[in-house]
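Structure first, then comments.
Throughout, read-outs are computed from the coordinates displayed, never taken from laboratory work. Quick caveat: nothing in here was measured; it's all calculated off a predicted structure. Cβ coordinates were reconstructed from backbone atoms using ideal geometry, including for glycine residues, and neighbour counts include every protein chain displayed.
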Amino acid sequence: MEQMRVGMIPSISEDEIQDIVSDLAKQIEMDYHGKSVVMLCPLKGSVFFFSDLIRKVNLPQEIDFVHVTSPKGEGCRILKDLAIDVQGKHVIIVEEIIDAGRTLSFLKSRINASHPASLKVCALLDKPARRELPISPDYVGRTIEDRFVIGYGMDSEEIGRNYKDIFNFAQ
C-alpha cells in the first residue's frame, strides 16, 4: 500500500473530509426538513462517503445501492439495480466524485423513469474540467482540479480505496 503513495501528495485530510460531510448533511437536512429521503449509493467508490453521510443526516431515510459501469467507449451497464420502489419519494444519489458524468447521467435518467418526487445529487468531489455531459451536482463538498485522486473510496485499479485521506499525483 505504501508503494501507491509514492509520488502522491495529500490533498484532503480525514478531518477536512469529515467537516465537508457534516456541512453537506446540514444542507440536506435543511432542504428536506420534515421529509423522508432515499439515499442511493453507487458502488463501489461511494461507499465510504455514503456511510459517513447517512449517519450524519438526521432525517428518516431508506438506503439502497446500485452498481453501474460505463467503460470508456461503451454504454452503461447495470450490475445491481435498485431494490426500493422510488416512485413518489425524494431520492439523493450520493457520489464520491463526478468527472465525465456518463454513469451519473445514465443513473439519473433511469431513476427519473421511476417518477420520484425529487431527485438530487450529492457529490463529495466535483471535477467539472472532465465533464463530457452537461450534468452538475446539487450538493458539492469541494470542486477540484483535473487531477487523479485516490483514497476515501476512490482507487487506482482497486488500490487506495481504504486510505483515510484523499491524495493526488504531483504534476
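What the table below lists for this structure:
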quantity: Degrees separating the helix 102-112 axis from the principal Cα axis of the chain, which is the longest one; calculated: 10
quantity: Label-point gap, in nm, between SER51 and ASP85 - each point 7 angstrom along Cα→Cβ; calculated: 3.1
quantity: Two-site FRET efficiency, GLU158 against HIS33, from Cβ-Cβ distance with R₀ of 30 Å, rounded to 0.05; calculated: 0.15
quantity: Rounded to 10°, Cα long-axis angle of helix 47-56 versus longest principal axis of the chain; calculated: 50
quantity: Only Lys, Arg (+1) and Asp, Glu (-1) charged, at Cβ; the chain dipole about Cα centre in debye; calculated: 460
quantity: Rounded tilt (10° steps) of 14-31 against the dominant C-alpha axis of the chain; calculated: 20
quantity: Contour minus Cα-Cα distance for LYS26 and ASP138 (0.36 nm per residue); calculated: 39.0 nm
quantity: Count of lysine pairs in the range 43-123 with Cα separation under 22 Å (8 or more residues apart, or interchain); calculated: 15
quantity: Cα-based shape type of the range 11-155, given that a ≥ b ≥ c are square roots of the gyration tensor eigenvalues and the cut on a/c is 1.5; calculated: oblate
quantity: Mean separation of Cα contacts under 8 Å (6+ apart) over length of the chain, as relative contact order %; calculated: 26
quantity: DSSP beta bridges in the range 11-155 [antiparallel fraction, %, rounded to 5]; calculated: 15
quantity: Within the range 97-124, backbone nitrogen closer than 12 Å to the virtual label 7 Å beyond the Cα of GLU62 toward Cβ; calculated: 116-117
